[in-house]
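**Q** Here's a structure for you.
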Amino acid sequence: MSLASHTALSASQKALLKRGKIVTISDLILTPVQDISRRCRVSPLEINAIVDTVCRAHPIHASTLHDLLSPPNLFGICTSGDACLDAIVGGGFRTGMIWEVVGESAAGKTQLALRMSLLVQLSNEFGGLAGSACYLLTSGKLPTSRIMQISQHHPLLASSGQCSLDDIHTMSVPSIDFLVHALSSLLPDFIMLKLEQNRSDPTIKAVRLVVIDALGELFHSSDKTSTRTLVQRAQNVTEISAYLHSVASRFGIIVIVLNEVVDAFEREPDNEEPFATGLSYAEQSKWFARAHSLPGENWKEASLGLVWANQVNARIMMSRTGRRRYTGFDHLVTQKRQKTSNGHHTGNTLTEDPERLELVRRLSIVFSSVSDPGSLDYVVDSAGITVLQEEEQGPSRKTTANALPSIALPPAMSISQIAPLDAGVVESETAVHIDLPPEPNVAPDDEDEWEAFWEKDEITEEMYLAASSNPDK
């Protein structure tokens, strides 16, 4: 509130404060009295009298601890649409928190966010919050066709019939200034409007989810990294996170922020460098910016640094592992042995259908205030993302949740086609091996038929000596 329109202060007092550039009540209350008196060139007693006058006109009503911890009708948990994923994140996505989903391109971050924008619309009996979603896009447009595909193929969404595009509100925020303005003014006003409409008409859903896709893109810059640019980025990140926490706690909203990753490099310790107190940032960041459940997963780390990491309540990392998974053995086609030009026979082989291969990705909880760290494997499909079930796991993928299923590769696939992370799957003890009998009248193991004949009718040593002693016969 501006002090110029304050009715409890006299004109002379307003002019005095204006001379010291004290224009709002916050400036007056939060600035030390000695600083104000020095800037206004008056005694501290006079400033104390002005502060007392303002405080009496605007008494502060402090909230109790019970009110802060248990706001009415604001706390809630929304299902992720998968029981295994719900378990690893602490029962589901909770309101009042900032959830960061970080990962490289095509890891499935947007798929999870799109599905959450549908699941939040479900009623409480289906695990939702009976609310709507605000989807803030830093680039591109909302993929409505993909949202409709998810709503039609996910069992919970398809059976409920409670989700639609009408309850997904979008806004474009192409720059940091746009995002700050949206979070400070436009978004709170829109949330309040929906709350008032919901009170008068329960069919209008209040906003319970806010998604930012994706925050890291706003900080792309061609400027050379310097102390000035890092300080400016830290200030922007702090301001954005403050508005997000305010919206999440005030209205009981789930905030999901999608973020990017950068390459992580292991640095050799410098023995010549003098000993310093404490750990360096490079040593500390590996524990809050990277995941370590699989080899190679720690080659990427979350962007925006330590300042942003201190602002989020939970960090979920989604990674591409380079592994593949077969959906089943129905697609394997048996090819008969055929004789080649050099007289050899090709064995019974299995050919894989490339369209039935699924990319296996990894989801890891790096840190969270409501759950323990853990990891699981998942695939991106028509229903969004699907976590691989326990029966599909192998002993080489022990995590707190699920892991990659163990299925043997067909004999036709050479070892050069196997990604490095597939070794544990191929060597799994529970792998399913397919042994096909050889064709009738065909030598096993691709053996030439003439070799088989001569091995069967072997020439003995006596026959060889007899033939050599009578060369004319």
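**Q** Keeping all protein chains in place and using 1.4 angstrom, which order do K300, K18 fall into by accessible surface area, from largest down? Can you show the working numbers first?
**A** Details: K300 60, K18 150 Å².
My answer, sorted largest first, is K18, K300.
**Q** Mind listing the long-range amide H neighbours of S80? Cut-off is under 5 Å, sequence gap 5 or more, other chains count too, H placed in the peptide plane at 1.01 Å from N.
**A** Residues meeting the criterion, in which the H sits 1.01 Å from N, are D86, F93.
**Q** Another one. Quick one: if you stick a label point 7 Å off each Cα along the C-beta vector at F126 and H292, how many nm between them?
**A** The answer from the label model is 4.1 nm.
**Q** Compute the signed sum of charges (Lys and Arg +1, Asp and Glu -1) over the other residues within less than 10 Å, Cβ to Cβ, of S132.
**A** On the way: positive: K194, K205, R208; negative: D166, D167.
With Lys, Arg at +1 and Asp, Glu at -1, the neighbours total +1.
**Q** Also: Suppose we look only past 28 Å in the calculated P(r) of the range 1-155. What percent of the Cα-Cα pairs does that tail hold? If you can, show how the numbers build up before the last one.
**A** Values: 6232 of 11935 pairs.
Everything past 28 Å amounts to 52 percent.
**Q** Please find the FRET efficiency linking R56 to Q232, where r is the Cβ-Cβ separation and R0 is fixed at 45 Å, and quote it to the nearest 0.05.
**A** Numbers: r = 40 Å, r/R0 = 0.90.
Computed FRET efficiency for R56 and Q232 comes out at 0.65.
**Q** Right, another one. Could you give me the ³J(HN,Hα) list for the range 23-29, computed from phi with Karplus coefficients 6.51, -1.76, 1.60 and θ = phi - 60°, whole Hz, x at Gly and Pro?
**A** The phi angles translate into 10, 10, 5, 4, 4, 6, 7 Hz.
**Q** Under a Cβ-Cβ cut-off of 13 Å, what is the net charge of the residues other than Q162 that fall near it, where Lys and Arg count +1 and Asp and Glu count -1?
**A** Once all neighbours under 13 Å are counted, the net charge is -2.
**Q** Which order do the peptides 76-82, 22-28, 304-310 come out in when sorted by mean C-beta neighbours inside 10 angstrom, highest first? Mind dumping the intermediate values first?
**A** On the way: 76-82: 22.0, 22-28: 16.1, 304-310: 18.3.
The densest-packed peptide leads the list: 76-82, 304-310, 22-28.
**Q** Which length gain, in nm to one decimal place, applies between K18 and E239 when the Cα-Cα distance is subtracted from 0.36 nm times their residue separation?
**A** Details: separation 221, 0.36 × 221 = 79.56 nm, distance 2.64 nm.
That pair, K18 and E239, stretches by 76.9 nm at full extension.
**Q** To the nearest 0.05, what FRET efficiency results for L186 and E46 with a Förster distance of 60 Å applied to their C-beta separation?
**A** Numbers: r = 41 Å, r/R0 = 0.68.
The value I calculate is 0.90.
**Q** Describe numerically, in nm with one decimal, the distance between label points set 7 Å from Cα along Cα→Cβ at L165 and at R38.
**A** 6.0 nm
**Q** Using 0.36 nm times the number of residues separating Q284 and L193, minus their current alpha carbon distance, what extension gain do you get?
**A** Details: separation 91, 0.36 × 91 = 32.76 nm, distance 4.35 nm.
Full-extension gain reported as 28.4 nm.
**Q** If each of A158 and K141 carries a label point 7 Å out from its Cα toward its Cβ, how far apart are those two points in nm?
**A** Label at A158, label at K141, 2.7 nm between them.
**Q** Something else about it: What is the spread of the Cα atoms of the range 184-240 along each of their three principal axes, largest first, in whole Å?
**A** Computed over the range 184-240, the largest-to-smallest principal extents equal 53, 17, 13 Å.
**Q** Can you figure out the FRET efficiency of F75 with M148, using R₀ = 41 Å and their beta-carbon distance, to the nearest 0.05?
**A** Numbers: r = 31 Å, r/R0 = 0.75.
So, using R0 = 41 Å, E works out to roughly 0.85.
The values are calculated or read from the model by the stated rules, or taken from the named source; none is laboratory data. Quantities reported herein were computed from a predicted structural model and do not represent experimental measurements. A quick note on method: Cβ atoms are made from the backbone with ideal geometry, for glycine too, and the neighbour counts reach across all protein chains shown. Remember, those area values only see protein heavy atoms, side chains included, never the ligands or the DNA or RNA. Shrake-Rupley method; radii C 1.70, N 1.55, O 1.52, S 1.80 Å.
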